[in-house]
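Notes follow once the structure below has been shown.
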Amino acid sequence: ERSRLEGGTGAEGAAARKAAAEVEIREAARRYAVLKLGSLLLDAAIDRHRAGRQDPLLVRAGALFAGLTGGAFSGLDQGFDERDQAVIQGVRAGSGRTLGQTEMSEGTRDQLFLAFRLAYLEDFARRAEPAPFVGDDVFASFDDERTGHGLEALAAIGGAVQPILFTHHESVARIAEARLGDGVDVITL
C-alpha cells in the first residue's frame with residue numbers, strides 16, 4: 001500500500017512544491033540580506049554626511065555646552081524622535097550616549113538653552129554690529145559649579161559680544177572673581 005502511495009502522482013507534486021518552496025525561501029532570505037545590508041550602508045553614509053555638514057551654529061553651541069557642563073557632555077548632535085522629527089541631543093562625554101532635552105535635568109536644559117543663545121549672539125556679531133548680552137539672574141537654576149562654568153562661557157564670548165550680568169546673589173560675584181580674576185569687572189550697586 002505504501003509503495004502504491006509513494007508511486008502516485010500526488011507525492012511527485014508534493015515533492016515539487018516542497019522543492020519550489022525551499023527555493024523561494026532561499027531567494028527571499030537572500031533578498032532580505034541584501035536589502036538589510038543596503039539599509040545599514042545607507043544609514044552609515046547618511047550619518048557620515050550629516051556629521052560632516054553640521055550647522056556651524058550647532059557645532060559652536062555644542063562646544064559652549066561642553067564647557068557649560070564642565071565636560072559632562074562633549075557636544076550636541078541632531079537625532080530623530082519617535083515621530084521622525086529632528087531633535088537636538090546632548091552627547092555624553094566618554095560613552096557617546098545621547099540624551100534628549102526631556103531626559104536632561106532642569107539645570108542641564110538651562111545650560112543647553114544658554115549655549116544656543118550665546119552661539120547665536122556670536123554668529124550675529126560676526127555679521128552685524130555686536131549686540132551686548134544682558135542677563136538677569138541667568139544662573140538661577142545653576143549650582144555653584146554650573147555658575148562657574150556659565151561665567152567662563154560668558155567670558156569666552158567676550159571678544160565678540162559684551163556680556164553684562166545682573167545678579168542679586170553675592171555668591172555669583174565671588175565665583176566670577178575667583179574664576180575670572182582680572183577678566184571680570186564686578187560693580188556693586
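Residue check: GLY107 meets all listed conditions (1) surrounded by 14 or more Cβ atoms within 10 Å (Cβ to Cβ); (2) outside any helix (DSSP H, G or I) but one, namely (2). Of all residues in region 102-112, exactly one satisfies the criterion of being farther than 17 Å from ASP143 by Cβ and at pLDDT 90 or above, namely GLU103.
Which residue out of ALA173, ALA115, ALA178 is open to solvent by less than 40 Å² (accessible area, probe 1.4 Å), over 14 Å from LEU68 (Cβ atoms), without any contact (Cβ under 8 Å) to a residue 60 or more places away in the chain and not in a loop (DSSP other than H, G, I, E, B)? Quick ask: steps written out before the conclusion?
Details: ALA115 fails: over 14 Å from LEU68 (Cβ atoms); ALA178 fails: open to solvent by less than 40 Å² (accessible area, probe 1.4 Å).
Going through ALA173, ALA115, ALA178 in turn, the sole match is ALA173.
Is there a residue in region 124-145 that is at positive phi and either surrounded by fewer than 19 Cβ atoms within 10 Å (Cβ to Cβ) or touching a Ser or Thr at 6+ places or on another chain (Cβ under 9 Å) (or both)? Spell out how you get there, then give the answer.
Step one: list which residues in region 124-145 are at positive phi, which gives 137.
Within this subset, residues satisfying the condition of being either surrounded by fewer than 19 Cβ atoms within 10 Å (Cβ to Cβ) or touching a Ser or Thr at 6+ places or on another chain (Cβ under 9 Å) (or both) are 137.
Yes, region 124-145 contains a residue that is at positive phi and either surrounded by fewer than 19 Cβ atoms within 10 Å (Cβ to Cβ) or touching a Ser or Thr at 6+ places or on another chain (Cβ under 9 Å) (or both).
For first residues located in region 87-105 and free of Cβ contacts under 8 Å to residues at least 60 places away in the same chain, partners that are among the basic types (Lys, Arg) and not in a strand (DSSP E or B) and lie 6+ apart or on another chain with Cβ distances below 8 Å form the pairs VAL91/ARG97; GLN101/ARG109.
Report whether or not ARG17 is open to solvent by 60 Å² or more (accessible area, probe 1.4 Å) and either part of a helix (DSSP H, G or I) or aromatic (Phe, Trp, Tyr) (or both). Write out each step before concluding.
Numbers: open to solvent by 60 Å² or more (accessible area, probe 1.4 Å): yes; either part of a helix (DSSP H, G or I) or aromatic (Phe, Trp, Tyr) (or both): yes.
Criteria met by ARG17.
Of everything in region 71-87 that is open to solvent by 40 Å² or more (accessible area, probe 1.4 Å) and assigned to a strand (DSSP E or B), the residue that is farthest from ALA153 (Cα to Cα) is PHE80. Residues of region 144-169 that are assigned to a helix (DSSP H, G or I) and at pLDDT 90 or above: ASP144, GLU145, ARG146, THR147, GLY148, HIS149, GLY150, LEU151, GLU152, ALA153, LEU154, ALA155.
Are any of the residues in region 50-70 open to solvent by 60 Å² or more (accessible area, probe 1.4 Å) and assigned to a loop (DSSP other than H, G, I, E, B)? Within region 50-70, one or more residues are open to solvent by 60 Å² or more (accessible area, probe 1.4 Å) and assigned to a loop (DSSP other than H, G, I, E, B).
The values are calculated or read from the model by the stated rules, or taken from the named source; none is laboratory data. This one's a predicted model, so the numbers in the text were calculated from it and none came from an experiment. Positions of Cβ are backbone-derived with ideal geometry, glycine not excepted, and every protein chain shown enters the neighbour counts. Side chains included, ligands, DNA and RNA excluded: accessible areas come from the protein's heavy atoms. Shrake-Rupley method; radii C 1.70, N 1.55, O 1.52, S 1.80 Å.
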